[in-house]
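This report concerns only the one structure given below.
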Amino acid sequence: MEQREGQQHETQQQEDFYGLSHECVVAVSDALERGDPESARQLALPLHYSDAADLFERLSPEERRQLVEALRPDFEPEILIELDETLRDEIIDYLGFANLANAIQELDSDDAVWLLDQLDEEEQRRVLESLPPDTQTILLQGLAYPEYSAGRLMARELVAVPAYWTVGETIDYLRASQQVPDEFYDIFVVDPRHRPVGKIGLAKLVRARRPVRLREIMEGDLPTVGVTTDQEEVAFLFRQQDLVSAPVVDPAGRLVGVITIDDVVDVIDEEAADDMLRLAGVGDTDLFAPATTTAMRRIRWLVITLCNTILASYVISHFEATIEQIVALAVLMPIVAAMGGNAGMQVVTVTVRALATKELGHGNVGRVVAKELAVGGMNGLVFAAIMGSIAFLWFGRMDLGMVLAAAMIFNMLWAGMAGTVIPLTLNRLKIDPALAAGPFLTTTTDVLGFFAFLGLATLFLV
């Protein structure tokens, strides 16, 4: 017991070590409340920019304004990248366009392009006009690439050297050049046309002897990413080949940027969160958005749910006479629809995930559908036995229990098949399955579940 408590205490200490502590939030809030912005500033300055963003999100609007004023001379622009969309706009208003332009200029090019893209056209124009021409050109080039593409994701800051250089020349260049990025993992070797032909990791470079030519130690057969490649494809490439960075090339094959693992981690997190929210019928987290905005975003999904419910009610209305004769049907029929819907959503979630990670393709579709049918059949038999027995004991009618069991098996089988077929069909039609599969599935499981149960009852019980 003592050992277990010790492990729990150690785990708690580790959790407190990472992230923003509640004590820090309270201390900053108290300092701002008593009119001591300098103390709040001293507490906030040592924080990592992601923790500083969390701090802003936990403060009141007035406290956020005061903290921005306190941090203005030392405001880290990376904080803006980590903030929720609604709060980011609020902090930008507090900073003003002059400070925003300075912040964008300090960011890496990929982060600067992303942040600039979050502004409306008028705000973009005003910010760009206040930037140096060379920075304007880089940002406009980035904005010209499709959204969610490698061109938007890549950083322009990289190290590219010719293959005939020696290790010594490369190291001297890295030490002397002002153009070398602050953080990088690989050095890209290019041919005279600036096309990547290989790469060298920093660890390998510093272990090699100075006279060695780069072509002798570089890794050839380099995977490259096109500027228009979707970010999900980029994340898949990194996951499949365990990359920490990858060169981005234009249509002519010239090296124009680099994507690093930290950006890919953000993409994976973003895509996973997006799929989860879409499956739940929520387009955005909207935690800090006004109530009216959140309500309007969610109304369309509730309207779809309402239409589904009306359709299910319409099916039920055709069996009014049956329900009037056997009132127990009204008690039991929601069970069939609910079990089918829940079982189907389990399958939809797995299928959407498999499509996103490319684990499900043309070669194994039939096998996956057959497996889910088998799983649905086995689950159907188990719950048919359970609910059939409960219905018999509850209402004293064996025939009612058998009808409920048959409807349960049918709907669970349908849920297993529909949970795979519907996302696959939507994906084939270029419709996001995470967005549309849920409403389609619940509609069919509700409607068919009610129809099967009440139809069987009409045939065998009335």
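The values are calculated or read from the model by the stated rules, or taken from the named source; none is laboratory data. From a predicted model like this one, the values you see are computed outputs, not experimental measurements. Every residue, glycine as well, gets a Cβ built from its backbone with ideal geometry; the counts of neighbours run over all protein chains shown.
Within the stretch 375-391, which residues are aliphatic (A, V, I, L, M) and in contact (Cβ under 8 Å) with a residue 12 or more places away in the chain? 375, 381, 384, 385, 387, 391 - these are the residues of the stretch 375-391 that are aliphatic (A, V, I, L, M) and in contact (Cβ under 8 Å) with a residue 12 or more places away in the chain.
Looking across the stretch 355-364, the residues that are touching a residue at least 12 places away in the same chain (Cβ under 8 Å) and part of a loop (DSSP other than H, G, I, E, B) come down to 357, 358, 360.
The listed residues are 371, 430, and the only one of them that is of a type in the set (D, E, K, R) and on the phi > 0 side of the Ramachandran plot turns out to be 430.
In the stretch 384-398, is there at least one residue being in the same structural domain as residue 326 (by TED's automatic domain parsing) and touching a Lys or Arg at 6+ places or on another chain (Cβ under 8 Å)? Within the stretch 384-398, one or more residues are in the same structural domain as residue 326 (by TED's automatic domain parsing) and touching a Lys or Arg at 6+ places or on another chain (Cβ under 8 Å). The residue of the stretch 365-402 that is surrounded by the most Cβ atoms within 10 Å (Cβ to Cβ), among those that are charged (D, E, K, R) and part of a helix (DSSP H, G or I), is 372. Number of residues in the stretch 76-91 that are surrounded by fewer than 19 Cβ atoms within 10 Å (Cβ to Cβ), modelled with pLDDT of 85 or more and over 20 Å from residue 41 (Cβ atoms) equals 1.
Scanning the stretch 422-462 for residues that are part of a helix (DSSP H, G or I), out of contact with any His (no Cβ under 9 Å at 6 or more places or on another chain), aliphatic (A, V, I, L, M) and farther than 20 Å from residue 347 by Cα turns up 452, 456, 457, 459.
Here 167, 159 are screened, and the one residue that is over 30 Å from residue 271 (Cβ atoms) and buried (at least 18 other Cβ atoms within 10 Å of the Cβ) is 167. Step by step: first the residues of the stretch 219-234, then only those that are among the charged types (D, E, K, R) and over 24 Å from the mean Cα position of the chain (by Cα), then the one that is modelled with the highest pLDDT. Which residue is that? By that ranking, first place goes to 219. Can you confirm whether the stretch 172-184 contains a residue that is within 20 Å of residue 262 (Cα to Cα), modelled with pLDDT of 90 or more and under 33 Å from the mean Cα position of the chain (by Cα)? Looking for residues that are within 20 Å of residue 262 (Cα to Cα), modelled with pLDDT of 90 or more and under 33 Å from the mean Cα position of the chain (by Cα), one finds none in the stretch 172-184, hence no. Given the criterion under 23 Å from residue 246 (Cα atoms), assigned to a helix (DSSP H, G or I) and assigned by TED's automatic domain parsing to the domain that holds residue 208, identify the matching residue among 174, 115. When all the criteria are applied, what remains is 174. When the stretch 70-86 is examined, which residues are found to be more than 21 Å from residue 35 (Cβ to Cβ) and either in a loop (DSSP other than H, G, I, E, B) or not assigned by TED's automatic domain parsing to the domain that holds residue 119 (or both)? Result: 76, 77, 83, 84. Search the stretch 136-154 for residues that are free of Cβ contacts under 8 Å to residues at least 24 places away in the same chain and in the same structural domain as residue 261 (by TED's automatic domain parsing) and pair each with any residue that is assigned to a loop (DSSP other than H, G, I, E, B) and not aromatic (Phe, Trp, Tyr) when their beta-carbon atoms are under 6 Å apart and the residues are at least 6 apart or on different chains. Listed pairs, sorted by first residue: none to list.
Going by the conditions given, is residue 89 charged (D, E, K, R), part of a helix (DSSP H, G or I) and within 30 Å of residue 58 (Cα to Cα)? Taking the combined requirement at face value, the residue satisfies it. Filtering the stretch 207-266 to residues that are acidic (Asp, Glu), part of a helix (DSSP H, G or I) and under 14 Å from residue 148 (Cα atoms) leaves 232, 233, 263, 266. For the stretch 92-106, a residue qualifies if it is more than 17 Å from residue 61 (Cβ to Cβ) and either among the aromatic types (Phe, Trp, Tyr) or modelled with pLDDT of 90 or more (or both), and exactly one does: 97.
Kindly provide the set of residues from the stretch 90-101 that are in contact (Cβ under 8 Å) with a residue 12 or more places away in the chain and out of contact with any helix residue (DSSP H, G or I) (no Cβ under 8 Å at 6 or more places or on another chain), ordered by number.
98
Pull out all pairs, ordered by first then second residue, where Cβ-Cβ is under 9 Å, the residues are six or more apart or on different chains, the first lies in the stretch 317-336 and is surrounded by fewer than 12 Cβ atoms within 10 Å (Cβ to Cβ), and the second is among the hydroxyl-bearing types (Ser, Thr, Tyr). So the pair list comes out as 321/458. Within the stretch 257-265, is even one residue over 21 Å from the mean Cα position of the chain (by Cα) and either surrounded by 15 or more Cβ atoms within 10 Å (Cβ to Cβ) or of a type in the set (Val, Ile, Thr) (or both)? Yes.
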